[in-house]
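Q: Here you go, one structure.
Only the coordinates and a few stated rules stand behind these numbers; no lab work does. Every value quoted in this text rests on a predicted model; they were computed, and no experiment measured them. Quick reminder, even Gly has a Cβ in these numbers, built from the backbone with ideal geometry, and neighbours come from all protein chains shown.
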Amino acid sequence: MVSPSLQALAKKLLVVGGTGGVGFQVCKQAVARGWDVTSLSRRGKPELTETNKSDFVAPQGWVQKVNWAQGDSLNPSSYKDAIKGVNSVVHTVGMLLEDNYKDILHSQSVEGLARSVENAVKGQNPLDPGKAPKTGLTYERINRDTAITVADEAAKEGADSFVFISAAFSPPMVPNRYLTTKREAESYLMTHPSKFRSVIFRPGFLSTPERPITLPLAGLLQISSSILGSSVNGTIPFAQALSTPPLAMETLARAVMNAIENPEIKGIVDVGGIEELAANPSSQTVGGSSKKIEDDKREE
């Protein structure tokens, strides 16, 4: 039997948001498996930092094997070459808060995180969904429309699969539109008229050593989820956030690539399914249906 890595030779993968945390890890996993990898982002090339410098430098360095394309996922003409002939697409773009979200993602300390969140909340007032963000970037445009636009372009290219990184829940202090726009994107992908295989990942909190602030938070959530379990959902404030096990971005990226290389995987993959798929590439027990998306939307 031919290994998945050998089967991947000459296949083309487009990672939308490849310079971000999850996208960067997906690129790394895909290169190691022999895929022809292109990243699409506004930045273009990733930033060299103290924590990721080994990814840039031989012999471990893999960054030079990726085509780092610069473009706007809402403007297909800016990435027509990057998506040409693509076999699979992974969409990792998302926005937690409409103002200042990049500062939040890259906070290096608890104090910095708290300050960024406070500034973001002050800037947009999560209780006032009609107030436009200062940046002009909205949940609708980033969480939903980027996925829809790229999916339509991928369908034109005859892509085999489309992976969308969604979310298990809306974090505390984050407007519910964060989640509803992701669910709208999910619904569109699951009912897309093309023949590509849609895989929707719904992780909870994600951590990586490249964002040091995420590690202690993940440790606390690991403890709380072990103690509380799923039985507390809906019974205490922030129950789902506290009872959902965190995941390492590398684990999610491994699950993503295993899903792409396993044609049996489709539909919605929750946190437990992500862990199962990351550990067992040949798993056939994960994935859900479009009916679950509609049920979830009614509950929100």
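Q: Which order do peptides 212-220, 272-280, 26-34 fall in by mean Cβ count within 10 Å, highest first?
A: The peptides rank, most packed first, as 26-34, 272-280, 212-220.
Q: Extending each Cα 7 Å along its Cβ direction at Asn67 and Thr191, get the distance between those two points in nm, one decimal.
A: Between Asn67 and Thr191, the label points sit 3.4 nm apart.
Q: Any chance you could list P(r) for region 151-222, counting all Cα-Cα pairs in 5 angstrom bins from zero, rounded to whole %?
A: 3, 14, 19, 18, 15, 13, 10, 6, 2
Q: Using a Förster distance of 35 angstrom, determine the FRET efficiency expected from the C-beta separation of Glu140 and Thr49, and round it to 0.05.
A: 0.65
Q: Evaluate E = 1/(1 + (r/R0)^6) for Thr285 and Ile227, where r is the Cβ-Cβ distance and R0 equals 30 Å; express this FRET efficiency to the nearest 0.05.
A: Calculated value: 0.70.
Q: Now, a different point. Mind ranking 196-207, 57-68, 140-151 by how tightly packed they are, going by the mean number of other C-beta atoms within 10 angstrom, highest first?
A: My ranking of the peptides, most packed first, is 196-207, 140-151, 57-68.
Q: Let me ask something else about it. Count the net charge of all other residues whose Cβ sits under 11 Å from the Cβ of Gly94, scoring Lys and Arg as +1 and Asp and Glu as -1.
A: +2
Q: If you don't mind, there's one more thing I want to ask. Order 152-164, 250-262 from most to least packed using the mean count of other Cβ atoms within 10 Å.
A: 250-262, 152-164
Q: Also, quick follow-up: What pairs in Lys28/Lys156; Lys11/Lys266; Lys65/Lys182; Lys80/Lys195; Lys12/Lys53; Lys45/Lys182 have C-alpha atoms more than 28 Å from each other?
A: Flagged as over cut-off: Lys65/Lys182.
Q: Separate question: Report the gain in length on full extension from Leu220 to Glu276: 0.36 nm times residue separation, minus Cα-Cα distance, nm rounded to one decimal.
A: Once the chain is fully extended between Leu220 and Glu276, it gains 18.0 nm.
Q: Multiply the residue separation of Asp160 and Phe56 by 0.36 nm, subtract the distance between their alpha-carbon atoms, and state the gained length in nm to one decimal.
A: 34.4 nm
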